[in-house]
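> The structure's right below; bear with me while I get my questions together.
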Amino acid sequence: MAGRIPQAFIDDLVARADIVEIINARVPLKRKGKEYMACCPFHNEKTPSFTVSEAKQFYHCFGCGAHGTALGFLMEYDRLEFVDAVEELAAFYNLEVPREQGVQQKRDDKQPLFDALAQANQLYLQQLKQSERAIGYLKQRGLSGDIAQRYQIGYAPSGWDFLVRHMPQQSAALSQTGMLVKKDSGGVYDRFRDRIMFAIRNRRGKVIGFGGRILDQGEPKYLNSPENPLFHKGLEVYGLYEAKQANRDLQRIVVVEGYMDVVALAQFGITYAIASLGTATTGEQIQSIFRATQNIVFCYDGDQAGRKAAWRALQNTLPVIRDGQQAGFLFLPDGEDPDSLVRKEGSEAFAARMDGATSLSDFLFDHLLQQCDIDTLEGRARLAELCKPLLGNMPDSLFRDMLYQKLATLTRLDSHKLQAVSAHKQTNRAAPKITRTSTHKSSAIRNAIALLLQYPQFASEIEIPAVFLQCELQGYGLLARLSRTIRQSGITSAPALLEHWRSEADFDIVSKLVQHTVHGADDLQTAKSVFRDSVDWMTKHYRDQRFEQLQNKVESRGKSGLSAEELQEYHALLSGPGPVDTDTAPQNS
Ligand SMILES: [Zn+2]
């Protein structure tokens, strides 16, 4: 396998790349002031909210929140893994990617797992061709060879050691992905036996797990791969890759319960069905579906369990739904599932049912109204109370305003008052103690980090106290680590720094702060002085905190309660600058 790509090459490449050039080759951009704009390639929209900053070498969409560097854009847009995106970017500039000898690329850790699952999938596909019983089963369910092929449906033969025997070299990778199960007595056996196998693929089309359905009677009817390094159930959905392959423009996506429903609908030409891989559809899953379409129809059985699952989906939709997006709820007649219904009625009738799905707002209020009698004052108060956590969790949007409006009509209360009460509650819960000081603190720290990302050269010009590295105050450690990384690697641009940070736990925070604009710090000179002020303020604040800690110890235990180092520090702080006046904190935010 190819060796590691030297970090220095990646740094140079990223520094050389022009994000405007890279994106413009794929999505035509129009200049608007200092930035470039286009309709976002990651969500459907009619007016552009996708911006590319030449100065920051960063893209950001105000509609869906997509953001990143040139390399990140290639990973998202071309659906590439990191290493492939580096190759692609290098090819754009006619550069050859060097490889270090003998060192395994860290990013390739998961490659053996992908390889093992791809190979297992191939074996299952071959086995299907050889099993008349399995083919007979699929035919009896009405599936054509074409659909089986498109959805990579295979067959795991009976017996305990099919994979064990056929892939002896990959035993470790198969165990790690849950394809093999460890015996108590030692040794391993196949998890999937005598089952129709549905390959679960990620957005890039790689197999990350399987769902297996039993052919005859038996339990469990469905068996899924367990969570593994490639497969996170709350994040992945079944069929999204296939739906995207079949539809250039996804007008809507219907969420159903099982694999069989997805493929049966596809067999009838409804190629935009997906299944969530657990009982409830999570917020993360809903977000990733909304990245592919503006319109989700959740389809459930009409029974008690179906209603309950639908309500959970609604609860998970409210915090992520944005203006322009819609969600509907379709409840099937008793005893039917999408598979049986589409067979009975045909695809047009099924599509008509989706057109007539209950809107999110109707489902929301119908459901709540069953629990309160709004002819009474108490009932109306209860309705307002039940809505509070649901609507309070929503992002600011016209849609939310409209829901409040409807609630106001139903409760005969003022909608502004209702919103204010909810908003108040939310703030209280999120941050119990918002004081002026903490606002200043967070803005000084945020500004310092944002400016260092924008001007990496500050790392060598303005020193960050070494004590920040171990400091528990939020953001201090991050600032110090960033500064150290810049000095050690000689990085000169934010995108290069960000690529260094990709595998760090706080990558998301850093990539958000890259976009943070420090008002008033437009030119280099001002930026530098705001940075210096922010670091000074942080230093003072640190000393202040530290002094208070030591002072408390002295007060409760006397000076003998301090260690020799602490005593020295205490005296140094006593003779140093006094406690910081919070009003001198930089005001920029
Ligand atoms: Zn977008």
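The values are calculated or read from the model by the stated rules, or taken from the named source; none is laboratory data. Please read these numbers as outputs of a predicted model, since none were measured by experiment. Ideal geometry is used to build each Cβ from the backbone, glycine not excepted, and the neighbour counts take in all protein chains shown. Areas reflect the complete protein model, heavy atoms only, side chains present, ligands, DNA and RNA absent. Shrake-Rupley method; radii C 1.70, N 1.55, O 1.52, S 1.80 Å.
> Ignoring any ligand, DNA or RNA, what whole percent of the accessible area of region 158-289 comes from carbon and sulfur when the probe is 1.4 angstrom?
On the way: 2520 of 5540 Å².
For region 158-289, the apolar C and S fraction of the accessible surface comes to 46 percent.
> So for the chain: antiparallel DSSP bridges make up what percent, rounded to the nearest 5?
Working: 36 of 49 bridges.
Counting only bridges with both partners in the chain, antiparallel ones make up about 75 percent.
> Keeping all protein chains in place, calculate the accessible area per residue for region 8-154 (probe 1.4 angstrom), answer in Å².
The answer is 52 Å² per residue.
> Work out from phi, with θ = phi - 60° and the Karplus expression 6.51 cos²θ - 1.76 cosθ + 1.60, the ³J(HN,Hα) of each residue of region 24-36, listed in order in whole Hz, and give x for Gly and Pro.
Rounded to whole hertz, the list is 4, 5, 10, 10, x, 9, 10, 6, 9, x, 7, 10, 10.
> Among DSSP bridges having both ends in region 224-301, what percentage is antiparallel? Round to the nearest 5.
On the way: 3 of 9 bridges.
Counting only bridges with both partners in region 224-301, antiparallel ones make up about 35 percent.
> Please list 183, 56, 34 in order of solvent-accessible area, largest first, computed with a 1.4 Å probe with all protein chains present. If you can, show how the numbers build up before the last one.
Details: 183 95, 56 45, 34 170 Å².
These residues rank, largest area first, as 34, 183, 56.
> Would you compute, from DSSP H runs of 4+ residues alone, the mean residue ellipticity of the chain at 222 nm, taking -39500 (n - 2.57) per run and dividing by the full residue count, rounded to the nearest 500? If you can, show how the numbers build up before the last one.
Details: 26 runs with 290 residues, N = 589.
Per the formula, -15000 deg cm²/dmol.
> Residue separation times 0.36 nm, minus the C-alpha to C-alpha distance between residue 349 and residue 457: what's the value?
On the way: separation 108, 0.36 × 108 = 38.88 nm, distance 6.36 nm.
Between residue 349 and residue 457, full extension yields an extra 32.5 nm.
> Got a sec to turn the phi values of region 256-265 into Karplus ³J(HN,Hα) couplings, 6.51 cos²θ - 1.76 cosθ + 1.60 with θ = phi - 60°, whole Hz, x for Gly and Pro?
The phi angles translate into 10, 8, x, 4, 4, 5, 4, 6, 5, 5 Hz.
> Mind giving me the FRET efficiency for residue 522 and residue 417? R0 is 30 Å, r the Cβ-Cβ distance, nearest 0.05 is fine. Don't skip to the answer; put the middle values down first.
Numbers: r = 41 Å, r/R0 = 1.36.
So, using R0 = 30 Å, E works out to roughly 0.15.
> Find the relative contact order for the chain and round it to a whole percent, using C-alpha pairs within less than 8 Å whose residues are 6+ positions apart. Please list the in-between numbers first.
Numbers: 831 pairs, mean separation 55.2, N = 589.
RCO, the chain: 9 percent.
> Then there is this: Calculate the FRET efficiency for residue 166 and residue 54 from the Cβ-Cβ distance with a Förster distance of 41 Å, rounded to the nearest 0.05.
Values: r = 53 Å, r/R0 = 1.30.
After rounding, the FRET efficiency stands at 0.15.
> Report the Stokes-Einstein translational diffusion coefficient (µm² s⁻¹, integer) for region 188-251, Rh taken as the Kirkwood radius over Cα pairs, at 10 °C with viscosity 1.306 mPa s.
Details: Rh = 13.1 Å.
Estimated diffusion coefficient is 121 µm²/s.
> Subtracting the Cα-Cα distance from 0.36 nm times the residue separation, let me have the gained length for residue 359 to residue 552 in nm, one decimal. All intermediate terms of the calculation are to be shown ahead of the outcome.
On the way: separation 193, 0.36 × 193 = 69.48 nm, distance 5.87 nm.
Going from the current span to full extension adds 63.6 nm.
> Projected onto the charge dipole of region 89-197 (+1 at Lys/Arg Cβ, -1 at Asp/Glu Cβ, origin at the Cα centre), which of 197, 114, 92 gives the Cα projection farthest towards the positive end?
197
> Report, in listed order, any pair from 30/528; 139/221; 30/206; 206/344; 32/56 with a Cα-Cα distance greater than 26 Å.
30/528; 30/206; 206/344
> Ignoring ligands, DNA and RNA, what accessible area per residue does region 191-249 give at 1.4 Å, in Å²? Don't skip to the end; give the middle numbers.
Values: 2530 Å² over 59 residues.
Ligands and nucleic acids excluded, the result is 43 Å² per residue.
> Tell me which lysines have Cα within less than 21 Å of residue 308's Cα, excluding those fewer than 8 residues away on the same chain?
Residue 308 reaches 233, 388.
> Give the lysines reachable from residue 553 as a straight Cα distance under 26 Å; neighbours fewer than 8 places away on the same chain don't count.
433, 441, 540
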